[in-house]
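**Q** Encoded as C-alpha cells, here's the structure I'll be asking about.
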C-alpha cells in the first residue's frame, strides 16, 4: 500500500465512527460513509481522530473499524489513523496494528502535560524512534490538547525527523503559523500542511500556503470545492462557495456539541443510518435539530443562487 | 442617572479603549467612538470589559476613560462598567468610583479558581452584598474564565440576588442555556439575557429567547439590525444580514488576534484614530490586514446585493 | 471472592507496576511486591492506579498484571483495580475483565472535562449503571484530574448509588472534607474513607474520621503503623512514627518525580528487581539517588532512637 | 538605598499583610512583623507577593503597606516588592512607586497565558526594557502561574537581561533545575537563587547550590537556621533542625489554606494582632486550629530534645 508523503494535498476527511442507537459500531454505515467521502472528492481519510470518538472505542473495536474502512477504501486514497495514547506501548501497538492493516500513516497529538519547547521536541523524537519508518502527521491542536507548539518547535520536529511528513494545522488563530513555516529557510523539506478547525478558515489558509484540509464537516464537498478553486486560481469563486456553507460550518464548530450536529446532518443526508454518539456524549434538542434544518435549507437556497 | 434593569435589551456594544501609538489613551477617539456606537443604534455601552483592555489600565486611567465616555454619552443610553478584580477591596473601590461617575451598573466575571456550584454562588452572594444596591451583570464566559456555571447555578444567583439583573451569556455552546433559563418556573424574575461571542450565534440566540447582544464587533450595525429584525418578526431578513457579515465576524473572533482585527477595522472606518493595542498585545501582519480588507470588500458587495 | 464493602479499612497500598529495564513487565517482581505489601500489613491492594503507570499498559498487559497479582494475593486481601478510561465501552470491558479475574471492586476517577456539580453526579450515575452491581471507589484527586468535587457532590453520589462503597480521598487540602462527610445526617450510609497524597496528612486524617489510607509509599509499614496506633488510641506514638518517615515521604511526593523515587527505594529494599519506569517517564539523577539514600539513612537512625 | 544584586543570599521572608478583623490593614502589626522577621535573621524581605494577598489590595493600600514596611526596615535589609500585573502600564507604575519609596528591586511572575519558550523570553525582555535599570527577581512558580520555564528559558533571560539578578525558584519538583543552572557555562553570571515552596525542600536545595530561601513560614528562624548551618558546613545539624519543623511546615503548605494557617500561627506567637485574611479568603475551623496547636507543641518538644 502507499505511504503518506510530504506531497499530501486536497481534503483528508476526518471520518466519524457510526454507531447503532444501542452503541454498537454500525459497519454498514462505515461503508456508505467511505463511498460518500470519496465520491465527494476526498483525497484521503483520517480515522480514529478525536472527532471519530476514538477514545471511546476498545482496542478490538478500533481494529475492526480501521479494517472495515481500509477494506472499503481498497487503496483508492491513503488512510491516516490517529494513534495518540498516554503510553508508548499503546502507541507502538496501535501503529503496528493499523499499518499491518494497510494504513498510509499515523497521526499523533501531544500529551497534555507537555509545556516547554524541549519537552515537546523530545516527545516526538522518542515517538518517531518508536514507530520506525512509519510516516506520521504532527497534530497541532492547542485548544483541545493544551499544548502550544511554536513555529520553532514545529520546525525542529520536521527538520530532525524525516518521518514527519505532514502538519495537521489546527491552532486558532493559526494563519501566521502557516506563513512562517512556508518562509524560505525555515524547514529543510516542504511538508504537507493540512488545516483543521472544521474548515472555518480554509480560504485564508489556502492563500497562506496550506495544501488543503484535514478536518470534518458534514458537507466535505465544500472543502473539496474551496481547495480546488484556490488551486485553480479561482479564489473568488472559492470564497463564494465557502461563504454559502459558513453559517452551517460555524454552527457545527461548537465544542462538545459539534460532533452531534455533524452526525445528525450526515444521518439526515442518508450517509450514516443513525446520529448516535457513544456515551458519554451530547444529544441534540429538538430546537437544535430545527436550527440545523433551517441552516441547511438556507444553504441550499444560497448554493442555488450561486449556480 | 438611570440604573440598569432586567428589561435591558438591544445591543450593548463592548467598547474598545482607543490608544495613541505610544500607549497613551486617545480621548478624542473615545468621543468619536461613543457617537459612532450610538448612531449605529446601540441601546447601551459596556466599558472596561476584557476586550476593552481593562487589565492593562491603571486605576487612574480607568477612571479617566469611564468619565470621558459617560460625559460623551450624557445619559443617552445606560453604560455598564466591568469591575472584575481579584480582591473585594478593588471591586468595591471600582464600583463606587464608576457609579459616582454615573454608570448604570457593573459587570462581574467569576475569578478563575471557582469550580463547584457552591463556590460560584457564594462568590456572587458576597460580591452582591459588597456592592449593595448596585445592579450587576453576571458574566458567563467559560472559554476565558475557566469557570463553568450550570443553569442551576445561574438560577440560584438570579433568584437569590435581586441586584443581578442581566446575564452576559457567552458560553460556547450556549444555546440550550438560554432555553433552559427561559423555561417556566426556573427563574423568579425575567432577567435580561444579552449574548456575547462577537455575535456569532446571534440569530439562534434571538430565537431561543435572548434580549439582544452585549459584545463587540467592528460593525455593530450588524447586531443592531439582526436584533431589530428578529424583534419585528422578520427573522429571514435578519439572517440574510447576519450571513453577509459572518465571514468577517468569524475572522474577528480569533482569540488573541481578534481585538487587533477589530481595532484595525474601526480605524479603517475612521472611528478611532489608531489601531494600537497596549503592550503586551498582538499586532497584525500585512497579510492579515489584506485579509480583513478583502473580507470588508466582499461584505460590502454582499450587502449591496441584499439591498 | 469477597467484594469491597463500606467497611474497608486499614491500608490499601497502591501497587507499582514493576518493569524490566527494556520495558517488559517484571512478573517475578510483582509476586515479591505482593508478598512484601501483605507482610507489611496491607489490608488491601489497589492496582492499575495512576501511580501504577496504568495508562502506559496495553489492555493485554493490564489483564496479565491483574491476573498475576490476584493469583499471588490468592484471596488474602481484597484487590481494587483502577478502570478509569475516556469511554464507557472501555470502562465496561475493563471492569468485566478484572471482576472475572477476581477483583474485589474497581476505582474510577472523573474525566478531566467535568466541571459543574450535575455533570459530575451524572457521570457517576451513568458509570454505576454501566457496571451494575460491582462496588466502586470514588477517586477524588483534583490536583491531577482537575475536577473539584464538593462535599455535596460526594454526598449525592454516595447517597444515590449503593455500589459507591469507598472514597479515595485525595483532595489537598482535604481535612475539612472528611469532617463534613462524617457529620451527622450528611450520608445515608457510613462509607469507607481511605486517604491518599502519599500518606502526607495521615495523622490528621485519622483524627478527622478516615478509615485508613489508599496510597503508595516505599515504606507502607509507616502507614500501617500510623493507622494501627491511631486505631488503638495511641495517637502520639503514631505521630512519632509518622514524623520519622516524613522527610522521605515529603521527598517521594514530588509530582512527576515521585514514582521514580518510590521505585528506586523499592528496588534498593530488594522488593522489585529494577527501578525502571516505562517511557515516557522520569529518571533519577545521581544526586537525587544520593538524596534518597541520605534520607533513608537518617530515617533508620531516627526509627532506632524511637525504639 | 541599596539595590538587589546577584549576591543576595540568606532568607528573604515573604511578608504577610496583616489586617484588622474588619479588613483594614493593621499597620501596627506591620511594624511588629518587620522587627520579628529581622530579629529572626532575615537578610531581606519580600512584600506584596502572592502570599501577601497583594491582588486584594487597592493601589493606594499597596503603596501604604510598602511605605510603612520600608520605613520600619529603614535600610537594615533590602526589600523586594512584587509588581506582577496583567498590563505594562500597571507594572511600570507600581515599579516606579515602590522604587521611589526605597525598595531594592521588584519581583515579576509570568502571566498565565505564556506557553512557548519564545513567549516567555519575549515577555521578560519587554518587561526589563520597561522598568529600565531596576533589578528584578524572576519568579518561577508553575503550580500557581501555570507557566513552565525550562532551564534554557531561564538561562536566556538571565544571560540577555543584566537586571535579572535573582531567581525565586519554586518549581516542584525543582532540584534538578538548580543543578542545571549552576553547571559550568550555562549562565554568563552567577545569579542569586532563592527557593520557595515554604522551605519544604530547603536542605536539598542548599546542597544543589541555592543561596537561601525566599518564601514564607510562620517560623522563619527555621529557614535562617538551616541556611546558616549549611553555609557553615554543618549539614546534618541543619537537617535535624529542618526535620523538627517539617511536620508543621508540611501542614502550612496546603494550598488555599496555608496562608490562614500561617497567619493563625503568627498571631498565636504574638507577632500580628489578628489572623484575619481579606475576603475572599479561607478561615480555619476549630479542628484545624487544634491541629496547628498540637503540631507546635510537638515541634517545641522536639527542638528541646535537639538542644
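**Q** Does residue D:21 fit the bill of being over 28 Å from residue B:96 (Cα atoms) and out of contact with any helix residue (DSSP H, G or I) (no Cβ under 9 Å at 6 or more places or on another chain)?
**A** no
**Q** For segment D:134-162, enumerate the residues that are under 19 Å from residue D:185 (Cα atoms) and more than 14 Å from every other protein chain (Cβ to nearest Cβ).
**A** Passing the criteria: D:158, D:159, D:160, D:161, D:162.
**Q** Still on this structure, please answer the following. When you go through (1) free of Cβ contacts under 8 Å to residues at least 60 places away in the same chain; (2) more than 14 Å from every other protein chain (Cβ to nearest Cβ) one by one for residue D:226, which number turns out not to apply?
**A** Residue D:226 satisfies all of (1) free of Cβ contacts under 8 Å to residues at least 60 places away in the same chain; (2) more than 14 Å from every other protein chain (Cβ to nearest Cβ) except (2).
**Q** When you look at residue A:286, is it more than 30 Å from residue C:119 (Cα to Cα) and either within 9 Å of chain B (Cβ to nearest Cβ) or at pLDDT 95 or above (or both), yes or no?
**A** Considered against the rule, which asks whether it is more than 30 Å from residue C:119 (Cα to Cα) and either within 9 Å of chain B (Cβ to nearest Cβ) or at pLDDT 95 or above (or both), residue A:286 comes out as no.
**Q** Being part of a helix (DSSP H, G or I), within 13 Å of another protein chain (Cβ to nearest Cβ) and buried (at least 21 other Cβ atoms within 10 Å of the Cβ) is the filter here, so list the residues in segment C:92-121 that pass it.
**A** Selection gives C:94, C:95, C:117, C:120.
**Q** Pick out the one residue from C:282, C:267, C:297, C:276 that is over 15 Å from residue C:221 (Cα atoms) and touching a strand residue (DSSP E or B) at 6+ places or on another chain (Cβ under 8 Å).
**A** Going through C:282, C:267, C:297, C:276 in turn, just one is over 15 Å from residue C:221 (Cα atoms) and touching a strand residue (DSSP E or B) at 6+ places or on another chain (Cβ under 8 Å): C:276.
**Q** Still on this structure, I have one more. Name the single residue, out of those in segment D:200-214 being closer than 24 Å to residue D:135 by Cα and crowded, with 20+ Cβ neighbours inside 10 Å, that is nearest to the chain's Cα centre (by Cα).
**A** Here the residue is D:214.
**Q** Still on this structure, I have one more. Please specify each residue of segment A:259-272 satisfying the condition of being surrounded by fewer than 19 Cβ atoms within 10 Å (Cβ to Cβ) and either within 10 Å of chain B (Cβ to nearest Cβ) or part of a helix (DSSP H, G or I) (or both).
**A** A:267, A:268
**Q** Could you grab me the full set of residues in segment C:27-59 that are assigned to a loop (DSSP other than H, G, I, E, B), surrounded by 18 or more Cβ atoms within 10 Å (Cβ to Cβ) and within 14 Å of another protein chain (Cβ to nearest Cβ)?
**A** Matches in segment C:27-59: C:48, C:49, C:53, C:57.
**Q** Please indicate, with yes or no, whether at least one residue in segment A:177-184 is within 14 Å of chain D (Cβ to nearest Cβ) and surrounded by fewer than 24 Cβ atoms within 10 Å (Cβ to Cβ).
**A** yes
**Q** Counting only residues that are out of contact with any helix residue (DSSP H, G or I) (no Cβ under 7 Å at 6 or more places or on another chain) and within 12 Å of chain D (Cβ to nearest Cβ), which one in segment C:289-300 is surrounded by the fewest Cβ atoms within 10 Å (Cβ to Cβ)?
**A** Applying the filter and picking the extreme gives C:297.
**Q** Then there is this: Just one of C:147, C:121, C:153, C:137 is in contact (Cβ under 8 Å) with a residue 60 or more places away in the chain and under 24 Å from residue C:173 (Cβ atoms); which is it?
**A** C:137
**Q** Give the residue, chosen from B:217, B:230, B:251, that is assigned to a helix (DSSP H, G or I) and either under 15 Å from the mean Cα position of the chain (by Cα) or under 20 Å from residue B:42 (Cβ atoms) (or both).
**A** B:230
**Q** Out of the residues in segment C:73-91 meeting the condition of being more than 14 Å from every other protein chain (Cβ to nearest Cβ) and surrounded by 18 or more Cβ atoms within 10 Å (Cβ to Cβ), tell me which one is farthest from residue C:137 (Cα to Cα).
**A** Per the criteria, the residue is C:73.
**Q** Given the residues C:255, C:247, which is the only one that is buried (at least 19 other Cβ atoms within 10 Å of the Cβ), at the interface with chain D (Cβ under 9 Å from one of its Cβ atoms) and under 18 Å from residue D:202 (Cα atoms)?
**A** C:247
**Q** Residue D:236 passes all but one of (1) over 24 Å from residue D:53 (Cα atoms); (2) in contact (Cβ under 8 Å) with a residue 24 or more places away in the chain; which number fails?
**A** (2)
The values are calculated or read from the model by the stated rules, or taken from the named source; none is laboratory data. Predicted model, so just to flag it, every value in this text is computed and none were measured. Don't worry about glycine lacking a Cβ; one is built from the backbone with ideal geometry, like all the others, and counts go over all protein chains shown.
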